[in-house]
Amino acid sequence: MIMTSSLSFQPVLERIAEEIEHTPGRGRPADYIPALAARDPRSFGMAVAELDGTVYGVGEWREPFSAQSVTKVFTLALDLAREGDELWEHVGREPSGNPFNSLVQLEYESGIPRNPFINAGALVVTDRLQTRTGDAAGTLLEFLRDESGNPEVDFDAEVAASEAAHGDRNAALAHFMASYGNIDNAVPLLLDQYFRQCSIRASCADLALATAFLARHGVRADGSRLLSRSQAKQVNAVMLTCGTYDAAGDFAYRVGLPGKSGVGGGIVAVVPGRCTLCVWSPGLDDRGNSVAGVAALDRFTTLTGLSVF
Ligand code: GLU
């Protein structure tokens with residue numbers, strides 16, 4: 001079934017949900033953040049947002065979930081919009097080939113993380129956004145509310161506290177990078193901002209809408225420009241190569257779209273010039289990507305022919 005631009009996405013989403021319903025293995029919810037462990041791995045929701053804000057959805061597409069690393073797309077864009085290319089002196093844009101919370105490369109590479117989507121790189125981005133705005137997490141929240149049109153998108157204090165209580169590895173990353181002079185703010189302040197950022201609760205509909213500026217080549221829902229066309233291309237490219245942990249090659253092979261996953265089980269994906277997607281199912285594979293989420297996006301691009309390739 002190849003979609004033409006005049007067709008509704010709804011029948012495609014319903015077919016995908018039906019297929020996913022009959023898929024046996026769903027992976028396991030993240031348990032290193034205890035507040036995430038209780039989610040049902042059989043939960044599933046998926047939304048597609050068109051450039052004009054029309055949203056199609058299926059399953060639990062209006063159910064808020066923990067956005068986690070999906071937020072790293074937005075902090076990257078918000079910081080890039082403010083500081084431009086100087087950011088790339090502090091964080092790279094190459095796949096790491098290591099788990100998202102790995103420490104090993106940082107010492108070889110003098111405290112410059114490989115990319116903005118592994119935890120070390122995301123901490124650098126949040127630190128820089130904090131310096132520029134005085135409230136990185138608040139700036140992010142305001143952006144998500146504006147783009148989704150949903151004032152109920154919010155921080156989840158329980159998840160943030162749970163992550164802080166088990167945040168030794170992120171604290172180690174931040175302190176280690178601070179020892180190389182690659183963190184500006186006090187580490188406890190940075191960690192508080194980062195954990196609140198990751199705790200944001202939003203639905204598939206909210207996150208598909210919030211990602212749409214990347215399908216609009218940098219233009220926000222209100223018509224103002226956040227990123228130049230070239231910067232939007234850059235963010236999409238980094239999502240394609242680094243957005244799904246150390247499985248980005250497999251994700252590109254199966255889905256063929258820029259995407260960003262989070263350990264809450266959400267994944268956003270971009271069809272530049274056409275639409276954005278968000279899928280959520282809390283069961284993860286051993287790399288940290290939602291099992292049903294990747295399968296659903298794989299089916300979407302196969303059924304519609306909408307990929308960047
Ligand atoms: N808050 C999570 C962490 O720092 C985010 C991980 C993720 O979603 O990749 O461990």
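Some notes on this structure:
- Taking each residue of segment 71-85 that is under 12 Å from residue 136 (Cα atoms) and within 16 Å of the ligand (Cβ to nearest atom) and looking for partners that are not hydroxyl-bearing (Ser, Thr, Tyr) and not in a helix (DSSP H, G or I) with beta-carbon atoms closer than 7 Å, six or more apart or interchain, yields 71/200; 72/116; 72/117; 72/260; 76/116.
- Restricted to segment 228-282, the set of strands (runs of 3 or more DSSP E) holding at least 2 residues that are touching a Cys at 6+ places or on another chain (Cβ under 7 Å) comprises 266-271, 275-280.
- Contact annotation: residue pairs with Cβ atoms under 8 Å, 6 or more positions apart or on different chains, pairing a residue in segment 89-111 that is closer than 21 Å to residue 198 by Cα with a partner that is among the aromatic types (Phe, Trp, Tyr) and within 16 Å of the ligand (Cβ to nearest atom), are 99/245; 100/117; 100/245; 103/176.
- With a requirement of 3 or more residues that are more than 16 Å from the ligand (Cβ to nearest atom) and of a type outside the set (Asp, Glu), the helices (runs of 4 or more DSSP H) lying completely within segment 168-219 that satisfy it span 204-215.
- Lone qualifier among 171, 186, 160 - being over 19 Å from the mean Cα position of the chain (by Cα) and within 18 Å of residue 101 (Cα to Cα): 171
- Residue 301 part of a strand (DSSP E or B), more than 24 Å from residue 99 (Cβ to Cβ), at pLDDT 95 or above and not hydrophobic (A, V, I, L, M, F, W, C): no
- When the residues of segment 32-43 are filtered to those that are part of a loop (DSSP other than H, G, I, E, B) and either away from the ligand (no atom under 12 Å from the Cβ) or over 19 Å from the mean Cα position of the chain (by Cα) (or both), the one that is modelled with the highest pLDDT is 43.
- Pairs linking a residue in segment 17-32 that is touching a residue at least 24 places away in the same chain (Cβ under 8 Å) to a residue that is part of a helix (DSSP H, G or I) and more than 16 Å from the ligand (Cβ to nearest atom), with Cβ atoms under 7 Å and 6 or more positions apart or on different chains, are 19/299; 20/292; 20/295; 20/296; 23/292; 23/295; 26/292.
- Hey, residue 288 at pLDDT below 95 and in contact with a Phe, Trp or Tyr (Cβ under 7 Å, 6 or more places away or on another chain) or not: yes
- Residue selection: residue 242 satisfies the criterion of being within 23 Å of residue 102 (Cβ to Cβ) and under 14 Å from the mean Cα position of the chain (by Cα).
- First in segment 47-62 and modelled with pLDDT of 95 or more, second anywhere and aromatic (Phe, Trp, Tyr) and part of a loop (DSSP other than H, G, I, E, B), Cβ under 7 Å, 6 or more apart: 47/61; 48/9; 56/9; 59/44; 60/44
- Considering (1) away from the ligand (no atom under 12 Å from the Cβ); (2) assigned to a helix (DSSP H, G or I); (3) at pLDDT 95 or above, the lone condition that residue 150 does not fulfil carries the number (2).
- Residue in segment 50-57 that is part of a strand (DSSP E or B), acidic (Asp, Glu) and either away from the ligand (no atom under 16 Å from the Cβ) or surrounded by 14 or more Cβ atoms within 10 Å (Cβ to Cβ) (or both) present: yes
- Residue 223 meets the conditions (1) within 16 Å of the ligand (Cβ to nearest atom); (2) out of contact with any Asp or Glu (no Cβ under 7 Å at 6 or more places or on another chain); (3) under 21 Å from residue 276 (Cβ atoms) in every case but one. The failed one is (1).
The values are calculated or read from the model by the stated rules, or taken from the named source; none is laboratory data. This one's a predicted model, so the numbers in the text were calculated from it and none came from an experiment. So basically every Cβ, Gly included, is an ideal-geometry build from the backbone, and we count neighbours across all protein chains shown.
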